[in-house]
Amino acid sequence: MTQPAPALPLFYRSPMLIRAPEHLGFGLKPTETPFSFAAEATAIPIVGNEFALTGRHYPIVFANDADGMPLAVTGVEAGRNVFVTADGHWRAMTYVPSYVRRYPFIGMTTDAAGTVMLGVDSGCGRLTADVRREGGEPLFELDGKPTDTSRAAIAFCEAYAVEHERSRVFVAALSEHSLLVERSVTIRPTQARNGADDREAPAEIKVGGFRLVDEAAFRALDRSVVADFYARGWLDLIVLRLASQYAWQDLAVLAELSKTTEAAPA
């Protein structure tokens, strides 16, 4: 029986391993819309060491799937990331998740030891097989050695892989102690469009399809479990997740403001 193809990571259409001499001429072309690839993503994967910065701007939730990994919510309507501007930049003065900053690179493993090697999304429009003719940042020197761009990318991917594994263990512990429950939130934006009165104010927005830490179950944890969570730094992550709930209102306001900007006459 034919097995279904594994789901690709968000944004990636065709990841491939990069190595010389096969990809000696490959590189990344410059772009004036560096984050346009994320314009339709309403939730971005994050890892544990990002919770403090993420929670300042985004609600933190957990995916409602088998992995249940943490996510930064970036929109309240399907296909609309309110942190990516119309010109393809990330909204100023807000944290850009490392998952976004990593793209189009990705860590790939091909051996049992799990050695992280550098991959790139071959479906990325910035990727070129002839960087010296088209211009941009080459991935290899002429002698086949990695450039600074490649070395920085693999270091980033290696660090991300470590934090991803730590986050996976954290989520597994939350599931083990029945702390993750499916939830939805209902928010009413306070920002009326174009100075409209209350009768024209935006309606309530309901967002669901994710999981959160059940605060009551968290408060009821056995002391030995709390001590273990504390030693591992997981209590900090749970508290930061709880604090991030205050970002829902700001997210809804940004959604309304972005609509106002698009609707304004040129």
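Some notes on this structure:
- Accessible surface of the chain, 1.4 Å probe, proportion on carbon and sulfur as whole %: 53
- Residue-level accessible surface for residue 122, protein heavy atoms, 1.4 Å, Å²: 50
- Dividing the mean sequence gap of close Cα pairs (under 8 Å, 6+ apart) by how many residues the chain holds gives a relative contact order of 25 percent.
- Gap separating the Cα centres of the stretch 127-165 and the stretch 8-82, nearest whole Å: 18
- Cα convex hull volume per residue for the stretch 16-78 (Å³): 160
- Charge context of residue 31, other residues only, Cβ under 15 angstrom, K/R +1, D/E -1: -2
- Percent RCO, i.e. relative contact order, over the stretch 24-141, from Cα pairs under 8 Å lying at least 6 residues apart: 40
- GNM result for the chain, Cα springs below 10 Å: residue of 39, 217, 153 fluctuating most strongly: 217
- Kirkwood hydrodynamic radius of the chain, Cα pairs, Å: 20.7
- Using the Cβ-Cβ distance between residue 226 and residue 203 with R0 = 45 Å, the FRET efficiency computed as 1/(1 + (r/R0)^6) comes to roughly 0.65.
- 12 Å cut-off, amide nitrogen to a point 7 angstrom out along residue 33 Cα→Cβ, residues in the stretch 83-105: 85-89
- Beta bridges per DSSP with both ends in the chain, % antiparallel, nearest 5: 100
- Highest-fluctuation residue, 184, 98, 36 considered, GNM on the chain with Cα pairs under 10 Å: 184
- With protein chains left intact and a 1.4 Å probe, residues in the chain average 55 Å² of accessible area per residue.
- Within the listed set 223, 188, 19, the residue fluctuating most in the Gaussian network model of the chain (springs between alpha-carbon atoms under 10 angstrom) is 223.
- Modelled label positions at residue 215 and residue 17, each set 7 Å beyond Cα in the direction of Cβ, lie 4.8 nm from each other.
- Calculated on the Cα set of the stretch 44-118, radius of gyration then Dmax: 14.4, 43 Å.
- By a 1.4 Å probe calculation restricted to protein chains, residue 234 has an accessible surface near 20 Å², given to the nearest 10.
- Qualifying GluC sites (Glu not before Pro) in the stretch 77-186, where qualification requires a DSSP coil assignment and no more than 16 other C-beta atoms within 10 Å, comprise 141.
- Per-residue ellipticity at 222 nm computed for the chain from its helices equals -9500 deg cm²/dmol, with DSSP H segments shorter than 4 residues left out and the rest contributing -39,500 (n - 2.57).
The values are calculated or read from the model by the stated rules, or taken from the named source; none is laboratory data. Bear in mind that the values here come from a model prediction, so they are computed numbers and not experimental data. When we count neighbours, we look across all protein chains shown, and the Cβ atoms used for this are built from the backbone with ideal geometry, even at glycine. Note: accessible area is taken over every heavy atom of the protein model, side chains too, but ligands, DNA and RNA are not part of it. Shrake-Rupley method; radii C 1.70, N 1.55, O 1.52, S 1.80 Å.
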